[in-house]
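**Student:** Handing you this structure, nothing more for now.
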Amino acid sequence: MAETIKKNKNYKKPPIVEAVIEVRFVNPFSEKQLEKLVMKQKSQFTIQKLHEIEFRIPLNSESGVGAAAETRLAGFKLINNADSSVIVQIKHNAISFSRLPPYEGCPKLVAEFKKYYDW
């Protein structure tokens with residue numbers, strides 16, 4: 001019996017707003033490793049740094065003396081230069097790949113993610 005190959009439909013008005021794949025790592029990247037990964041893609045993407053701010057305020061202090069704030073690099077957001085339809089976020093413990101319309105099906109989405117994941 002002949003095998004039928006189903007062709008993926010390219011939707012003009014897709015049923016979803018954004019397709020996302022995220023992989024989390026057990027061993028986090030160092031800041032140096034993150035920057036090295038991101039710099040490999042600088043010709044294809046606009047790169048934005050993502051920062052986290054941590055506030056610590058002692059509960060027993062009414063004056064706020066002893067309060068502290070710390071800013072650190074959380075990761076990077078890479079936006080595709082061609083049409084902004086691909087966004088890759090690389091953080092210490094995860095990489096996520098977002099695809100905005102047009103969609104060409106799940107197999108194409110996974111193949112495109114692997115292209116960025118295999119740096």
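**Student:** How many residues are closer than 19 Å to Ser85 by Cα, β-branched (Val, Ile, Thr) and touching a Phe, Trp or Tyr at 6+ places or on another chain (Cβ under 8 Å) if we restrict to region 12-56?
**Tutor:** Residues that pass the stated criteria total 5.
**Student:** Taking Pro102 and the conditions (1) touching a strand residue (DSSP E or B) at 6+ places or on another chain (Cβ under 7 Å); (2) in contact (Cβ under 8 Å) with a residue 40 or more places away in the chain, which numbered condition does it fall short on, given that it satisfies the others?
**Tutor:** Only one criterion is unmet by Pro102, namely (1).
**Student:** Considering only residues that are assigned to a loop (DSSP other than H, G, I, E, B) and surrounded by 13 or more Cβ atoms within 10 Å (Cβ to Cβ), which ones fall in region 41-54?
**Tutor:** Once the filter is applied, which keeps residues that are assigned to a loop (DSSP other than H, G, I, E, B) and surrounded by 13 or more Cβ atoms within 10 Å (Cβ to Cβ), region 41-54 yields Gln41, Gln44.
**Student:** For the subset of region 61-80 comprising residues that are polar (S, T, N, Q) and modelled with pLDDT under 90, which member is surrounded by the fewest Cβ atoms within 10 Å (Cβ to Cβ)? Outline the logic, then answer.
**Tutor:** Taking region 61-80 and keeping what is polar (S, T, N, Q), we get 61, 63, 71, 80.
Keeping just the survivors that are modelled with pLDDT under 90 gives 61, 63.
Numbers: Ser61: 10, Ser63: 7.
Here the residue is Ser63.
**Student:** Name the residue, out of Pro28, Pro58, Pro102, that is modelled with pLDDT of 90 or more, surrounded by 10 or more Cβ atoms within 10 Å (Cβ to Cβ) and either touching a Cys at 6+ places or on another chain (Cβ under 6 Å) or not in a strand (DSSP E or B) (or both).
**Tutor:** So the residue among Pro28, Pro58, Pro102 that is modelled with pLDDT of 90 or more, surrounded by 10 or more Cβ atoms within 10 Å (Cβ to Cβ) and either touching a Cys at 6+ places or on another chain (Cβ under 6 Å) or not in a strand (DSSP E or B) (or both) is Pro28.
**Student:** Checking Thr71 against (1) within 18 Å of Val17 (Cα to Cα); (2) without any contact (Cβ under 8 Å) to a residue 24 or more places away in the chain; (3) hydroxyl-bearing (Ser, Thr, Tyr): exactly one of these is not met. Which one?
**Tutor:** (1)
**Student:** Now for a different question. On the given criteria, is Ala69 over 13 Å from the mean Cα position of the chain (by Cα), not hydroxyl-bearing (Ser, Thr, Tyr) and not in a strand (DSSP E or B)?
**Tutor:** So Ala69 fails the test.
**Student:** Let me ask another. So Val38 passes all but one of these: (1) surrounded by fewer than 12 Cβ atoms within 10 Å (Cβ to Cβ); (2) at pLDDT 80 or above; (3) β-branched (Val, Ile, Thr). Which condition number does it fail?
**Tutor:** All conditions pass for Val38, except number (1).
**Student:** Hey, could you check region 5-25 for residues that are out of contact with any strand residue (DSSP E or B) (no Cβ under 9 Å at 6 or more places or on another chain) and surrounded by 12 or more Cβ atoms within 10 Å (Cβ to Cβ) and say which is modelled with the lowest pLDDT?
**Tutor:** Looking at the filtered set, the residue picked out is Asn8.
The values are calculated or read from the model by the stated rules, or taken from the named source; none is laboratory data. Predicted model only: the values in this text are computed from it and were never measured. Reconstructed Cβ throughout: ideal geometry from the backbone, glycine too, with neighbour counts over all protein chains shown.
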